[in-house]
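Read-outs throughout are calculated quantities, based only on the coordinates presented, and are distinct from any laboratory measurement. Owing to the predicted nature of the structure, the values given are computational and were not obtained by experimental measurement. Positions of Cβ are backbone-derived with ideal geometry, glycine not excepted, and every protein chain shown enters the neighbour counts.
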Amino acid sequence: MNMNGMLSRRRGLQYVGSALALATAPGAFAQSAAKAAPRVISLSGALTEIVYLLGAQDLLVATDTTSLFPEAATKTLKVGYMRQLAAEGVLSLKPDVVIGTQEAGPLVALDQIRGAGVRVALVPTPHNWAEVQAKVQLVGRETGYAPQAQALLNRLDAQWADVQKQVEQGAQSAKAKGKTRSQPRALFMLAHAGTPQVSGRGTAADALIRFAGATNAVNEFQGYRSLTAEAMAAAAPDVLINTTQGIDAMGGVAAFWRRPELALTPAFQKKALVMMDANELLGFGPRLPAVVQSVHAQMQTLLA
């Protein structure tokens, strides 16, 4: 491995820290004189985070506006929001590969990028653990850091299994205490701008709620919809989940609880609110085990 590669890898290990420490792997990425390092553009905050975890950040020539973690990612060149790409801006940076999820677009822009001879590698987003695994594998494959990616994946798989066990133990404990239901009813509200909406089936928020050991309080529809005060009362959520960005957009926590429709919910009685950064909460990246653990623990405390 050359000196640049060693320094890049060291930075990656420092960022991972004790929670996600990667074992030194033989066969780590090395560039030969005959093959230049790929120029990579990332269109996903989760994928960008993985690039840094693997120590491959020197390959990044740009990222999208959802790439805000770690802090170093905020200083990268930006090609815009992943759903509103302009092919000209991307191609002007002369990437070898563009990595993202199937949420990236518009399709015409992606086709133009492919037509220019740039590889576009997208991962599906079924909102499950396999999505996270696929993201790690894609980054490892497209950057040439496959050994590091496998080491990271092994760590994350172990963390995910441990979190699932904790959630199951929480449900069993609730039953043992004679609670009427082992799974609280949770409702995710999206309120970054305009009228607040709630998440139904098939969303990242719906999957997160289930992973954290709760039941989505609204499952009559797919995607996001506005909810009337009467429907909010009928949903009867025990706990509300929101993003820190959404709470800020509503004027803060106190202003959030002054919304009249919330007074009709069981969550209002205990002021049961879980909030977290939007990309962390819904990004389905390498922090997902920690996110699920945190949401589960907060719900347990709020509803004790």
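The calculated FRET efficiency for Glu71 paired with Gln269, based on their beta-carbon distance and R0 = 25 Å, is about 0.05. Our note on the geometry: Cα centres of segment 285-302 and segment 44-82, 24 Å apart. Between segment 146-179 and segment 92-123, the alpha-carbon centres lie 34 Å apart. Look at the Cα gyration tensor of segment 190-304: its axes a ≥ b ≥ c give a/c under 1.5, and that counts as rounded. Remark: the Arg114-Ala234 segment gains 38.4 nm on full extension, using 0.36 nm per residue and subtracting the alpha carbon distance.
I'd like the FRET efficiency for Arg141 and Arg201, computed as 1/(1 + (r/R0)^6) with the beta carbon distance as r and R0 of 30 Å, rounded to 0.05. Once the sixth-power term is evaluated, E becomes 0.45. Averaging the Cα positions of each part gives two centres, and for segment 186-226 and segment 260-275 these lie 15 Å apart. For the chain, calculate the relative contact order in percent as a whole number, restricting contacts to Cα pairs under 8 Å that are 6 or more residues apart. Worked out over the chain, it gives 15 percent. For segment 194-304, a simple Cβ point-charge model (Lys and Arg +1, Asp and Glu -1, everything else neutral) yields a dipole of about 100 debye relative to the Cα centre.
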